[in-house]
Amino acid sequence: MSFTDSSPYIDELSIWRKAAQGRTAASLHAENVAALHADSLDIALSLIEIALAEGAIDPIYRCHHAACLKILGRFAQAEKSYWDILREHLDFAEATQGLRALYHAVGQSGVMPSPFPAHALTAS
C-alpha cells in the first residue's frame, strides 16, 4: 500500500462536497458556473447538486443542473430535468432553450415532444 492510498485528497469530489457544506445556494451556483468555465465538469455537477439537495428550488439552478448533465453526455437525465422544470414553470424560457439545445446536440429537430398531456399546456 502506498502513502497515496490513504490520502484525504484521493476523492476530489468528496472534498468538494465537504467544502460546500454550509454555503448558500447562490454561492454554490456561482462556483458551479466557475467550475463549468474551468472545464471541471464533475465538480460543477457536484456543486449544483449540493445546492439542489439543500433545498434550492429556483428554476435557474435546476436549468444549470440539466445543462451540466447535458455537457456530461447524460442526455436522458438532462431531458427529464428540463421537462420537470417546464411542468412547474411552463413559460420559463431558459428551460425551453436548454431543451432545444439538448435536442440539437443529440441531432433531433422539429417539434419538441411533450411528456405531459396537451390540456396541461393550455390550462392556466
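The values are calculated or read from the model by the stated rules, or taken from the named source; none is laboratory data. Note that the structure is predicted; figures quoted are calculated from it, not measured. Here the Cβ positions follow ideal geometry from the backbone for every residue, glycine too, while neighbour counts run over all protein chains shown.
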- Item | GLU12, sole failed condition from (1) modelled with pLDDT of 65 or more; (2) over 30 Å from ALA93 (Cβ atoms) | (1)
- Could you run through segment 48-91 and say how many residues are under 22 Å from ALA30 (Cα atoms), at pLDDT 90 or above and of a type in the set (Asp, Glu)? 1
- What number of residues in segment 92-124 are modelled with pLDDT of 85 or more and either part of a loop (DSSP other than H, G, I, E, B) or touching a strand residue (DSSP E or B) at 6+ places or on another chain (Cβ under 6 Å) (or both)? 2
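Each row is one residue, and each column tells you yes or no for (1) of a type outside the set (A, V, I, L, M); (2) surrounded by 13 or more Cβ atoms within 10 Å (Cβ to Cβ); (3) in a helix (DSSP H, G or I); (4) in contact (Cβ under 8 Å) with a residue 12 or more places away in the chain.
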site	(1), (2), (3), (4)
ALA26	no, no, yes, no
ALA35	no, yes, yes, yes
ASP39	yes, no, no, no
ILE43	no, yes, yes, yes
HIS65	yes, yes, yes, yes
GLU79	yes, yes, yes, yes
- Task: Please tell me if ALA105 is of a type in the set (A, V, I, L, M, F, W, C), loosely packed, with under 14 Cβ neighbours inside 10 Å and at negative phi.
- Result: yes
